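So the structure is just underneath, and the comments pick up after that.
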Amino acid sequence: PEETVTSSFASFIHAVRPEHLSKTVCHRSKRMILDSIGVGLVGSTTHVFDIALQYCRELYSSVAVSSVYGKPGIKLSPTLAAFTNGVATHSMDFDDTWHPATHPSGAVLPALLAASQMLPPSTKPNGMDFLLAFNVGLEVQGRLMHFSTEAHDIPKRFHPPSVVGTMGSAAATAKLLSLSAAQCAHALGIAASLAGAPMANAATQAKPLHIGNATRLGFEAALLAARGVEANPLILDDIPGCSGFSAFYSVYQPKPLSTPSDHHEFLLEKQDIAFKRFPAHLGMHWVVDAALSVRNLFINYAGSFSPSLIRTIVLKIPVSKYINRPFPSSEHQARHSFQFNACSALLDGEVGLSSFTESSIHRQELRELLDKVVVEHPEDNVANFDKMYGEVALLLHSGDVLTGKCDTFYGHWRKPLSKESLLKKFRSNASHVLPEEKIENIITMVDNLENLSDSSQL
């Protein structure tokens with residue numbers, strides 16, 4: 001039969017081999033794996049994670065073989081462990097972000113960790129198998145997003161990881177389980193029926209569930225396909241009058257994914273990832289760096305940071321309704337507020353884990369700064385993580401104006417975190433639940449992942 005987009009994806013998943021991974025792709029993806037484990041570990045200290053874990057322990061009885069972030073005495077069934085660890089990964093909005101916009105690691109890594117523990121000793125995947133499956137999950141997510149111009153901008157309808165992340169998890173798990181090409185196609189088709197979550201739940205405790213469901217449901221799609229469940233073999237194709245994956249995007253122009261021969265260039269080779277320095281929506285990182293820049297100017301101007309000298313704070317940001325929140329009242333709203341993050345950076349000289357506690361959010365001095373904020377949306381500042389900028393201007397009572405602007409924050413793919421900065425973030429996050437020896441063991445294991453004989457050790 002004639003090759004279709006769907007069959008080409010299935011053939012790619014089935015045929016791709018470890019030798020197709022370049023040194024650059026291996027290096028970048030190992031950085032992602034380490035960072036994702038770290039944010040998952042610190043995420044296991046959050047309230048929404050506790051709710052998700054208790055839900056899984058109380059409502060389901062199962063064969064408990066897969067580990068849970070930050071809880072060494074607890075194991076769950078593989079798919080529920082994937083769900084719980086996915087929730088942990090996104091519980092603080094601290095996980096990596098790609099372009100077009102999605103959170104790729106959190107939707108894939110928990111499924112692979114759980115599946116590795118699920119498989120019997122005789123079929124345990126090695127570290128290179130694990131690394132390949134992880135990159136298959138990334139590749140499918142990236143390719144699907146590139147099929148739509150709508151996906152390139154900050155989303156308005158569906159939360160991207162709940163859409164492409166579910167597909168990526170299905171693809172990655174299918175690869176790890178060595179499914180046939182036909183089964184891989186069915187896994188993608190089943191996953192499409194399990195995908196999707198609305199953006200209206202951003203800035204709520206429901207948003208971390210999007211990542212938990214993406215990694216879990218993609219995992220389940222692969223397991224169902226392995227057991228013989230079939231789905232539409234044209235799910236990724238653009239069929240007029242009958243929407244498949246195109247239902248998620250208003251503009252969808254799919255292209256076949258070539259089966260790798262001697263060489264395959266993964267998208268991660270061309271498009272690096274963004275790592276977050278503090279736990280908030282990626283857009284916040286532009287305004288925080290701009291705010292820190294103008295804060296330094298202000299201190300040089302006045303000798304110290306004195307809010308009483310400020311008449312107005314002007315934020316120049318792109319139009320994006322769900323992250324334009326003048327007075328956030330919860331930690332999840334604060335993580336999605338341009339105004340809050342800019343003012344926190346101005347007031348404290350930094351933004352970190354403690355910035356989003358109840359006491360920090362409701363400080364009177366912070367509220368007074370928020371009252372001075374005026375938002376502007378310049379036409380050249382588009383809602384796109386590759387093109388946007390953040391600008392913070394302080395209009396002083398003296399009539400002077402001080403301005404800070406950020407085109408590329410530290411951690412963006414154009415200005416990547418150094419190895420030292422990434423390790424510092426990981427050690428800080430992991431230290432909330434693990435002793436130093438185990439933290440260093442994880443760093444060593446991920447750094448040498450391609451040489452690991454049994455990936456379930458991770």
Listed highest first by mean packing, meaning other Cβ atoms within 10 Å per residue, what order do 146-155, 420-429 come in? 146-155, 420-429
How much area per residue is accessible in the stretch 282-406 when the probe is 1.4 Å and only protein heavy atoms are counted (Å²)? 42
Determine by what factor the alpha-carbon radius of gyration of the stretch 196-286 differs from 2.2 N^0.38 Å, reporting the quotient. 1.43
Please say if the stretch 1-84 is rounded, prolate or oblate, where rounded means a/c under 1.5 for a ≥ b ≥ c the square roots of the C-alpha gyration tensor eigenvalues, and otherwise the choice is prolate for a/b larger than b/c and oblate otherwise? oblate
Report, to one decimal in Å, the Kirkwood hydrodynamic radius for the chain based on all distinct Cα pairs. 22.4
For LYS419, counting only lysines whose alpha-carbon sits under 28 Å away and dropping same-chain residues fewer than eight positions off, the answer is LYS23, LYS30, LYS71, LYS270, LYS276, LYS387, LYS405, LYS438
Considering amide H positions built from the backbone, and no H for Pro or chain starts, which residues 5 or more places from VAL68, or on another chain, come under 5 Å of its amide H? ILE74
Most packed first (mean Cβ within 10 Å per residue), the peptides 169-180, 39-50, 193-204, 305-316 order as 169-180, 39-50, 193-204, 305-316
Leaving out ligands and nucleic acids, and using a 1.4 Å probe, what accessible area per residue does the stretch 67-109 come to in Å²? 16
With all protein chains present, how much of the accessible area of the stretch 282-406 (probe radius 1.4 Å) comes from carbon and sulfur, to the nearest whole percent? 47
Going out from 0 in 5 Å bins, what whole percent of all Cα-Cα distances in the stretch 306-352 drops into each bin? 5, 19, 28, 26, 15, 6, 1
If you roll a 1.4 angstrom probe over the protein chains with everything in place, what fraction of the accessible area of the stretch 118-236 belongs to carbon and sulfur, to the nearest %? 57
Surface share of carbon and sulfur [accessible, 1.4 angstrom probe, percent] for the stretch 1-108: 54
Mean Cβ count within 10 Å, highest first, over the residues of peptides 128-134, 71-77: 128-134, 71-77
Please express the shape of the stretch 282-406 as an equivalent ellipsoid: the semi-axes are the square roots of 5 times the eigenvalues of the C-alpha gyration tensor, given largest first in whole angstrom. 20, 18, 12
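The values are calculated or read from the model by the stated rules, or taken from the named source; none is laboratory data. Note that the coordinates shown come from a computational prediction; the quantities given were computed from them, not determined experimentally. FYI the Cβ positions are ideal-geometry reconstructions off the backbone, even for glycines, and counts take in every protein chain you see. The area values use the complete protein model at the heavy-atom level, side chains included, leaving out ligands, DNA and RNA. Shrake-Rupley method; radii C 1.70, N 1.55, O 1.52, S 1.80 Å.
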